[in-house]
Amino acid sequence: MTNTALTRRTLLPATLLSAAGRARGAGSATWRAGVAAVTITPRQSMWMAGFGARTKPSEGILHELQAKALALEDAASRRGVLVTADILGFPGTVAARIAKLVEKQYGLPRAALVLSATHTHGGPLVVSPRPGSSYWRLNDQQWRDAREYTRELEEEVVRVVGAALNDLRPARLGFGRTTAEFGVNRRKMTDKGVRSFVPNPEGPVDHDVAILRVESPAGVLQAVVFGYACHATALVADTYQFHGDYPGFAQQWLENRHPGARALFVQGCGGDITTHPRGTVELAQKYGDTLAGAVEDAIKRPMTAVHGPLRCAWNVFSVAFGSAPSRDELRDQLEHKDPLARAHARAMLAELDREGRFISQHPYPLQAWQFGDDLTFLAMAGEVVVDYALRLKRELGEDKLWVAAYSNDVFAYIPSLRVLREGGYEGGGSMRAYGLPAPFASDIEERIVGKAHALVRRVRGK
Ligand SMILES: [Zn+2]
């Protein structure tokens, strides 16, 4: 064991305040809920995940990063655990190792464990077998440190799941929605085609804030889960302190307001959504405070009671890539002026030499939780663009559907057909950063939406 990462191993189970909570009148607690958190900030300098433009490892800590688990159990003892973490994303391999241990140690099936990331660009690099070309600057020691951190993170997440399950006690669930206006589309059409990373106030957005309130039978807040669709990049590449970006500030705000309770942020389909303006701690804090304030207002009001049973479903299918570049194209790319493009060409040529061909598809995990007739929680993998959330809510009923993304595997942007056709970063350019051979095939949207409909029908039993 090196001194790489997590030396602080204290779990922080939430403790309820004594009966100081607001009484909310009668209401039988048919649920049990448990919550726990663990600090996952590395204790030493490490390479940070997210921006290809970073030139050096981290320097210090702005605020702590955490992994949190909310365990829910219905009246028939069916359980589900939602994990959220202040990292860029759980790679599929990391999620699979965690899920396997969780199943072995706690008997929780894969469908009942959601592993979701806030997509902060202020966390450490978590390593996957295809880490992508954004990280071409790391030296061998930095890679070793990142792999070590990844293993320790896996252990910590397994432990925090166990701690949440150990914390189960009677609870009431409420669901509600509010809005926050700060997310802006970041793709703009110009004479020369689409440009990414340009705020476009006319582009599609999803300003919904979905909220799950978890409270004791006496009305004391135990946990609040809140979702919003917007990239956690209010702070940019020149911030080298570990931080949770606006979701980190929002969670902190709510936990300060409700001592003993935990706030869990769930990233939505914010692949092509940005904060604007951005680039300072003050702005990240402002967006976090805005979001937290909206959540606070909503949880003080009456919310829709959420009943059981809890039904969890999981489906993994493949998504296909379009035609890959030729060896000649990749050789030309070795001369590209962008070092990331050169690194990508080197990696792709090495893969071609090693394997004789490129991967043509990737597994795509999709997960749905159904809460009685009250709420469907759909967890999508990857950096899903906003078109998916808008379409799925339209087609499956926006009042009872919560669409989460960045869950269970973050291996690529997931463009809609519109975004794929328009191109730009989210449509295909980002495949380089992710170390993938080509943009998705043109059936990507229909394939994922079709599978989502089938999965939601399954958990809804209709
Ligand atoms: Zn992203």
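The values are calculated or read from the model by the stated rules, or taken from the named source; none is laboratory data. Just so you know, these numbers come straight off a predicted model, no measurement behind them. All Cβ positions, even for glycine, are placed from backbone atoms using ideal geometry, and neighbour counts span all protein chains on display.
Residues in the stretch 39-53 that are in a loop (DSSP other than H, G, I, E, B) and either surrounded by fewer than 21 Cβ atoms within 10 Å (Cβ to Cβ) or more than 16 Å from the ligand (Cβ to nearest atom) (or both): Ile40, Thr41, Pro42, Arg43, Gln44, Ser45, Met46, Trp47, Phe51, Gly52, Ala53.
Each residue in the stretch 235-265 was checked for being out of contact with any helix residue (DSSP H, G or I) (no Cβ under 6 Å at 6 or more places or on another chain) and assigned to a helix (DSSP H, G or I), and 7 of them qualify. Residues in the stretch 97-126 that are within 16 Å of the ligand (Cβ to nearest atom) and among the hydrophobic types (A, V, I, L, M, F, W, C): Ala117, Leu125, Val126. Among residues that are basic (Lys, Arg), more than 14 Å from the ligand (Cβ to nearest atom) and under 22 Å from Ser318 (Cβ atoms), Arg447 is included. In the stretch 413-423 there is no residue that is away from the ligand (no atom under 16 Å from the Cβ), part of a loop (DSSP other than H, G, I, E, B) and acidic (Asp, Glu).
I'd like the full set of residues that are of a type in the set (Lys, Arg) and surrounded by 16 or more Cβ atoms within 10 Å (Cβ to Cβ), limited to the stretch 183-194.
The answer is Arg186, Arg187, Lys188.
Taking the numbered list (1) aliphatic (A, V, I, L, M); (2) crowded, with 21+ Cβ neighbours inside 10 Å; (3) within 21 Å of Val114 (Cβ to Cβ) in turn, Ile444 passes all entries but (3). Just so you know, in the stretch 200-234 the residues that are over 21 Å from Arg54 (Cβ atoms), small (Gly, Ala, Ser) and part of a loop (DSSP other than H, G, I, E, B) include one that is farthest from the ligand (Cβ to nearest atom), and it is Ala218. All conditions in (1) more than 16 Å from the ligand (Cβ to nearest atom); (2) more than 18 Å from Arg432 (Cα to Cα); (3) under 21 Å from the mean Cα position of the chain (by Cα) hold for Leu168, with the sole exception of (3). One residue stands out among those in the stretch 356-397 that are among the acidic types (Asp, Glu) and touching a residue at least 60 places away in the same chain (Cβ under 8 Å): the one that is farthest from the ligand (Cβ to nearest atom), which is Asp373. Mind listing just one residue for me: the one in the stretch 131-147 that is away from the ligand (no atom under 16 Å from the Cβ) and either in a loop (DSSP other than H, G, I, E, B) or among the small types (Gly, Ala, Ser) (or both) and, of those, farthest from Ala379 (Cα to Cα)? Ranking the candidates gives Asn139 first. Listed by first and then second residue, the pairs linking a residue in the stretch 50-79 that is within 13 Å of His243 (Cα to Cα) to a residue that is outside any strand (DSSP E or B) and modelled with pLDDT under 95, with Cβ atoms under 8 Å apart and 6 or more places separating them unless they lie on different chains, are Gly50/Ser134.
From Thr93, Thr84, which residue is out of contact with any helix residue (DSSP H, G or I) (no Cβ under 7 Å at 6 or more places or on another chain) and surrounded by fewer than 24 Cβ atoms within 10 Å (Cβ to Cβ)?
That would be Thr93, the only listed residue that is out of contact with any helix residue (DSSP H, G or I) (no Cβ under 7 Å at 6 or more places or on another chain) and surrounded by fewer than 24 Cβ atoms within 10 Å (Cβ to Cβ).
Looking at Ala163, is it farther than 21 Å from Arg391 by Cβ, modelled with pLDDT of 95 or more and touching a Phe, Trp or Tyr at 6+ places or on another chain (Cβ under 6 Å)? Spelling it out, it is not the case that Ala163 is farther than 21 Å from Arg391 by Cβ, modelled with pLDDT of 95 or more and touching a Phe, Trp or Tyr at 6+ places or on another chain (Cβ under 6 Å). When Asp409 is tested against (1) farther than 17 Å from Phe90 by Cβ; (2) in a loop (DSSP other than H, G, I, E, B); (3) in contact with a helix residue (DSSP H, G or I) (Cβ under 8 Å, 6 or more places away or on another chain), just one condition goes unmet, and that condition is (1). Residue count for the stretch 268-320 satisfying the condition of being within 20 Å of the chain's Cα centre (by Cα) and among the aliphatic types (A, V, I, L, M): 8. Counting only strands (runs of 3 or more DSSP E) wholly contained in the stretch 275-387, the ones carrying 3 or more residues that are small (Gly, Ala, Ser) and either modelled with pLDDT of 95 or more or over 30 Å from Ser77 (Cα atoms) (or both) occupy 310-320.
What are the residues in the stretch 152-170 that are small (Gly, Ala, Ser) and surrounded by 23 or more Cβ atoms within 10 Å (Cβ to Cβ), if any? Of everything in the stretch 152-170, just one residue is small (Gly, Ala, Ser) and surrounded by 23 or more Cβ atoms within 10 Å (Cβ to Cβ), namely Ala164.
Restricting attention to the stretch 235-251, the residues that are within 15 Å of the ligand (Cβ to nearest atom) and of a type in the set (Val, Ile, Thr) total 1.
Report every pair of residues separated by at least 6 positions or lying on different chains whose Cβ atoms are under 7 Å apart, first residue within the stretch 183-208 and closer than 24 Å to Asp399 by Cβ, second of a type in the set (Asp, Glu) and surrounded by fewer than 16 Cβ atoms within 10 Å (Cβ to Cβ). Going by the 7 Å Cβ cut-off, the qualifying pairs are His207/Glu181.
When Leu436 is tested against (1) in a helix (DSSP H, G or I); (2) of a type in the set (A, V, I, L, M, F, W, C); (3) within 15 Å of the ligand (Cβ to nearest atom); (4) out of contact with any Gly (no Cβ under 7 Å at 6 or more places or on another chain), exactly one condition is not met: (1).
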